[in-house]
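Take a look at the structure set out below.
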Amino acid sequence: MSSTGPTLPQISRVTPKRDLVILGGLLALFVIGFAGLAATIGWEETMSQLRSLSFMQLLALLALSMVNYSFRGLRWHLFARQLGLPLSVGQNVLHFMGGFAMTVTPGRIGELVRLRWISRLTDWPFERLLPLPFTDRIVDIAAMGMVLGGGVVLSQSAHAATAIPVALVALVFAAIVTKPGLLARIVTFAWRATGRWPRRFVGLRRAARSMALFRDPKVILPALVLSLIGWTAEGYALYLLLSWMGADIGMATATVIFIFSTLAGGLTGAPGGVGGAEAAMLMMLSAQAVPLAIALPAMAIIRVTTLWFAILVGLLSFPVAEQFSKKA
């Protein structure tokens, strides 16, 4: 494998028109799917459930989502400081929030636009910054696996056990990729198997090895705590929503359903997990004997107050981060 370092500006290249088209298409798909199911079970019953929620209840759901985003933004700042980036907590959180605007890109790779902003502000090359998003995503998956596993243990529902394989996969994946030497060998094996993109694989291998920097307990433990609080807040939001609608299935079970559907949506590879996450959530709510007249509006509301709210936060933060980085 060549030792020449990669340059990756193309990964974070912003194409607003294309991304807005993708975003609009996904939103249309979400609305059409909801409308089709609502028509099947009856619009009046579905709308009745939606109208039963107060403005303050919706604000509470959005506030819990902001807890998740804010705590994960602080985790991003923690990793950025450990990497040695001379940026303030405000700048790092802004970059993290702005990246949500690119959630709709395939594999969420567009979120690497955060690295472009950092590179402009610090003159650091992309290769040197790659461990930051890799570690952030890995800890996210590990935390979700831990919350999912804990929820399965605490849940009194037998159906929650179906999430155990997903939790195990998430934890095993996190365990593998947090071992820099092993991950570097896997990257080398992948390069030899494909025989293509040597410069990209060099960057990935170096990023894998440099991830050892984040294994300090003083860094990884607070990062995990922030992640656990953030994702638990989202599970609590689904629990509250179902309770308000008259379907109290318990917080542990609600958390399992939220985390499982989020991971399942991500495994589909669809931008934002649209389609897969919704189907998984409806399936698991149905397994809990939640009527479709409640499950459908609950699914729609929780997706609006999580995924689509995150994209809105990203769209509002994106131009600010872009403008500030250009002034550097």
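Any read-out appearing in this document is the output of simple, stated calculations on the displayed coordinates, not a laboratory observation. The model shown is predicted, which means the values in this text are computed figures rather than measured ones. Reconstructed Cβ throughout: ideal geometry from the backbone, glycine too, with neighbour counts over all protein chains shown.
Evaluating 6.51 cos²θ - 1.76 cosθ + 1.60 at θ = phi - 60° for every residue in region 69-84, the Karplus couplings come out as 4, 5, 5, 6, x, 5, 5, 4, 4, 4, 5, 4, 5, 5, 6, x Hz, glycine and proline recorded as x.
Ranked by the mean number of other Cβ atoms within 10 Å of their residues, highest first, the peptides 222-230, 83-91 come out as 222-230, 83-91. Eigenvalues of the alpha-carbon gyration tensor of region 186-320, scaled by 5 and square-rooted, set the equivalent ellipsoid semi-axes at 35, 19, 16 angstrom, largest first.
Couplings for region 256-266, taken from phi via the Karplus curve 6.51 cos²θ - 1.76 cosθ + 1.60 with θ = phi - 60°, read 4, 5, 5, 5, 4, 5, 5, 5, 4, x, x Hz in order; Gly and Pro are left as x. Projected label points at R192 and L213, each 7 Å from Cα along the beta carbon direction, are separated by 2.8 nanometres.
Taking packing as the residue-averaged number of other Cβ atoms within 10 angstrom, the listed peptides 68-81, 122-135, 185-198 run from highest to lowest as 68-81, 122-135, 185-198. Given R0 = 30 Å, the distance between the Cβ atoms of R199 and I164 translates into a calculated FRET efficiency of 0.15.
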